[in-house]
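A short worksheet on the structure shown next.
The values are calculated or read from the model by the stated rules, or taken from the named source; none is laboratory data. Worth saying up front: this structure is predicted, and the values here are computed from it rather than measured. Cβ placement follows ideal geometry from the backbone for every residue including glycine, while neighbour counts extend to all protein chains displayed. Ligands, DNA and RNA are stripped out before the accessible areas are found, and what is left, the full protein with its side chains, is counted by its heavy atoms. Shrake-Rupley method; radii C 1.70, N 1.55, O 1.52, S 1.80 Å.
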Amino acid sequence: MIIRDGTATYLRDADNGYRAGYVYGRTDNASVQQAERMIAALEGADEALLFGSGMAAATSVLLALDKPTHIVASQVMYYGFREWLSGIGRYGHSVTFVDTSDLDAVRAAVRPGETGLFWIETPSNPLWTITDIAAVSDIAHAAGAILCVDSTVATPIFTRPLALGADIVMHSATKYLNGHSDVVAGALATVGHNPLWERIAKIRSKFGSALSPFDSWLLMRGMRTLDVRVRTQAQTAATLAEKLVGHPALAEVLYPGLATHVGHDVALRQMKGGFGGMLSIRIRNGAKAAVAVAACVELWNRATSLGGIESLIEHRSSIEGEGSPCPCDLLRLSCGLEDADELYYDLTRALSVAS
Ligand SMILES: *Cc1c(COP(=O)(O)O)cnc(C)c1O
């Protein structure tokens, strides 16, 4: 049998070279690179790297630090990464979690000479807290540190963190970039050249944490409709947020597109064309009532994750567990592509049945 150039290995040329540039599947693959070029183009980046999950992408940044480093990170962020970061001491680093929407708190958290990395998520899970990327980038660079932004929820359609001063942008590509809830993937993208990036790329090839070629192909299929999907999802989220404000069963509606949201002015400045497809509601009667509301929906799906074409509802504190800043009366809503009026009807029916 003759090896066909493909996923796991590639033929050497007769002169022992690798003219096509591909050697072995863990490090080189044309489908993966094609998907990476799409992400780099979307983010205005020079380079992008795809990983087997968002967590593999995020943790690779930390694993690439070359000396004991103090990290300043958003207090409200994807709980899985916050939990992992909390244990970063085992790698010789330290972390301070702050409300990164409060720039004075960010400045106060800096330890001169020690702080080497800022990690922010905006809008951040599940309160949709907005952090001013340009302002934090100034603080980070004045401290000689690198700024990494988890832009999963904003998507490159609404926010371009690299253009606002971030050094690295991260995505759980499982979410909006893929959009079809059938791939788990992560991405990092960067501009210019920095030694941290080189080490991240090396870690990916040595750890074997790159995305598979088939998943890269699925991801490319998903990214072709990114623009139309997320604009529709953001429109639905905005419509629902506006209609839900003042509902008697709700204590609060959290959506950065609402003028009453604390981060609205910054969101207006850094999010172009939409505020994303995620919102949260807080149920006036508390945690039990929130779980009961989620039990009564028919069109929304009770499931974790976000960014897919199917609308999801989730009682977040059940999954985030102890130590989470998520209120126990909160339901997180990921708007899909179903009709906004039907989603509203289904949710308000559940609210009246359960309360
Ligand atoms: C899901 C998610 C992650 C983790 O990504 P995985 O692909 O699940 O590993 C990180 N950040 C945000 C904002 C997420 O929503």
Just a yes or no: is a residue in the range 95-105 touching an Asp or Glu at 6+ places or on another chain (Cβ under 7 Å), within 18 Å of residue 161 (Cα to Cα) and within 16 Å of the ligand (Cβ to nearest atom)?
no
Filter result for residue 136 (within 11 Å of the ligand (Cβ to nearest atom) and within 20 Å of residue 262 (Cα to Cα)):
no
Residue match in the range 112-134 (condition: surrounded by 16 or more Cβ atoms within 10 Å (Cβ to Cβ) and free of Cβ contacts under 8 Å to residues at least 40 places away in the same chain)
no
Give the range 183-199 a look and list any residue that's within 16 Å of the ligand (Cβ to nearest atom) and aliphatic (A, V, I, L, M), or say none.
183, 184, 185, 187, 188, 189
Residue 112: passes all of (1) away from the ligand (no atom under 14 Å from the Cβ); (2) closer than 22 Å to residue 154 by Cβ but (2)
Any residue in the range 198-226 that's more than 18 Å from residue 40 (Cα to Cα): show its pairings with residues that are in a loop (DSSP other than H, G, I, E, B) at Cβ separation under 6 Å, as long as the two are six or more apart or on different chains.
199/64; 203/64; 205/27; 208/26; 209/52
Qualifying helices (runs of 4 or more DSSP H) (wholly inside the range 255-346; at least 2 residues being free of Cβ contacts under 8 Å to residues at least 60 places away in the same chain and open to solvent by less than 60 Å² (accessible area, probe 1.4 Å))
287-296
Return yes or no: is residue 17 outside the structural domain of residue 143 (by TED's automatic domain parsing), over 19 Å from the mean Cα position of the chain (by Cα), of a type in the set (Gly, Ala, Ser) and open to solvent by less than 60 Å² (accessible area, probe 1.4 Å)?
yes
Note on residue 27: of the conditions (1) of a type in the set (S, T, N, Q); (2) open to solvent by 10 Å² or more (accessible area, probe 1.4 Å); (3) outside any loop (DSSP other than H, G, I, E, B), unmet is (3)
